[in-house]
Amino acid sequence: MSKLGNIGARLHRGEISYDFVGKRKIWYGISILITITAIVGLAVRGLNMGIEFKGGAVFTTPTHMSTSVTQAENFAKDASGHEAIVQKLGNGSLRIQIAGIDTGQSDKIKQELAKDLNLNPEKLAADLVGPSWGQQIANKAWEGLGIFMVLVVIYLAIAFEWRMAVAALVALIHDITITTGIYALVGFEVTPGTVIGLLTILGYSLYDTVVVFDSLKEQTKDITRQNRWTYSDIANRSINGTLVRSINTTVVALLPVAGLLFIGGGFLGAGTLNDISLSLFVGLAAGAYSSIFIATPLVADLKEREPAMKALTKRVLAKRAQATVEEDLAGDHAAVDDDSADAAPAVVGPRNQPAARNRGRGRPSGKRR
């Protein structure tokens, strides 16, 4: 068995563990700090919305263009007066996006760009995107997100309980906030692919969370009938028992996404992959983090507010305190017995002689001649 597999088996059996729930205040603090940073990034820099949301024109050149991306950006800016986003496609053509222009401006810009790029205007393809279409996409995305959240809460409340539904909802909001904040800080363009990526990561995040919740549900059956474990103890065992599984699934999911982001978008220059790959990469990592460090500890916090769980915690702590006192007393008694044994004199040697001399007095000692 591999070393990681051996660790996973020992974690599942409870032979080793890490106190995730006991250190939940640390994780809450880290998450709050990251979330605040993401919100500040959104407020200060904002999202770099793609042309699909703002409207504008997209110009595509023929293949195998000798013009560099920087030159094309300068040509587009001079022709339109707006900042342009230029991407070099795999076939060598250039995709030039200019937001915030209408049909009349598009024709004029097309003529200027063709002249600067030494092209026949007929060979420069132009596609117009209206802002109303982008607004429809945004509205549909918000509607889909809202419906997804409602269905998640209803399902978890029925399959588990409302506290787990609340914790899962908080974890999902946490993941979305961090992912959008990273987009704002990095400055990547937000496209419909980004929206698809955001909706996709919610499913992955929910999967990891439900795995831990299912284990927690099974282990907390009839929890009030025993006095050995608190709800937090069992929640921590559930996290440790599924920890290696969560890590494995997350790593396996992250590897191909990392290939899209760093190799496809970075090394090969396929910038069109960045919009969806960044959201998937950040979202998958945030989802794995929130299922372990946010969702389950939050369930433990909410659950231990119940009167029955408070009474259980009180009984468990009292029993542990009593066991500690008994161990201390047993240790003290053992120490006293050892001291008494050391202090008792050994009756050997000359001290036995008087008894030996008196032995046989008053009795005949034998025949006398």
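Calculate the spin-label point distance for LEU329 paired with ILE196, positioning each point 7 Å from the Cα along the beta-carbon direction, and give it in nanometres.
For the pair ILE196/LEU329, the computed spacing is 7.0 nm.
Taking the inverse of the average 1/r across all pairs of different Cα atoms in the stretch 15-74, what Kirkwood radius in Å do you get?
Numbers: mean 1/r = 0.0591 Å⁻¹.
16.9 Å is the Kirkwood radius here.
In nanometres, what is the gap between the two model label sites at ASP107 and SER132, each 7 Å from Cα along Cα-to-Cβ?
Label at ASP107, label at SER132, 2.1 nm between them.
Report the extension gain between ILE26 and ASN118 in nm, rounded to one decimal, defined as 0.36 nm multiplied by the number of residues separating them, less their alpha carbon distance. Could the numbers behind the result be given before it?
On the way: separation 92, 0.36 × 92 = 33.12 nm, distance 6.03 nm.
So the extension gain works out to 27.1 nm.
Sorting VAL40, VAL212 by accessible area (1.4 Å probe), largest first, what list results? Kindly include the intermediate steps, with their values, before the conclusion.
On the way: VAL40 75, VAL212 0 Å².
Listed by decreasing accessible area, they come as VAL40, VAL212.
Quick one: accessible surface of LYS217, probe radius 1.4 Å, all protein chains present, in square angstrom to the nearest 10.
The accessible area of LYS217 comes to roughly 90 Å².
Which order do GLU83, GLU122, GLU304 take by accessible area at a 1.4 Å probe, largest first?
On the way: GLU83 130, GLU122 155, GLU304 40 Å².
My answer, sorted largest first, is GLU122, GLU83, GLU304.
Using a basic spin-label model with each label point 7 Å from the Cα along Cα→Cβ, how many nm lie between ARG320 and LEU185?
3.6 nm
Leaving out ligands, DNA and RNA but keeping every protein chain, what accessible area does ASP102 have, in Å² rounded to the nearest 10, with a 1.4 Å probe?
We get 90 Å² for ASP102.
Grab the Cα-Cα distance for ASP19 and GLU83, subtract it from 0.36 nm times how many residues apart they are, and report the gain in nm with one decimal. Walk me through the numbers before you get to the answer.
Values: separation 64, 0.36 × 64 = 23.04 nm, distance 5.11 nm.
Once the chain is fully extended between ASP19 and GLU83, it gains 17.9 nm.
So how much slack lies between LEU33 and PHE262, counting 0.36 nm per residue of separation and subtracting their Cα-Cα distance, in nm?
Numbers: separation 229, 0.36 × 229 = 82.44 nm, distance 2.66 nm.
My answer for the length gained is 79.8 nm.
How much solvent-accessible surface does MET49 expose, in Å² to the nearest 10, with a 1.4 Å probe and all protein chains in place?
60 Å²
Enumerate the residues in the stretch 108-144 having an amide nitrogen under 15 Å from the point lying 7 Å beyond the Cα of THR67 toward its Cβ.
Under cut-off, by backbone N: 108-127.
Can you grab the distance from the C-alpha centre of the stretch 198-231 to the C-alpha centre of the stretch 98-164, Å, no decimals?
If we compute the Cα centre of each part, the gap is 38 Å.
The values are calculated or read from the model by the stated rules, or taken from the named source; none is laboratory data. Because the structure is a prediction, the values reported are computed rather than measured. Note that we place each Cβ from the backbone using ideal geometry, even for glycine, and neighbour counts take in every protein chain shown. SASA here: full protein model, heavy atoms, side chains in, ligands and nucleic acids out. Shrake-Rupley method; radii C 1.70, N 1.55, O 1.52, S 1.80 Å.
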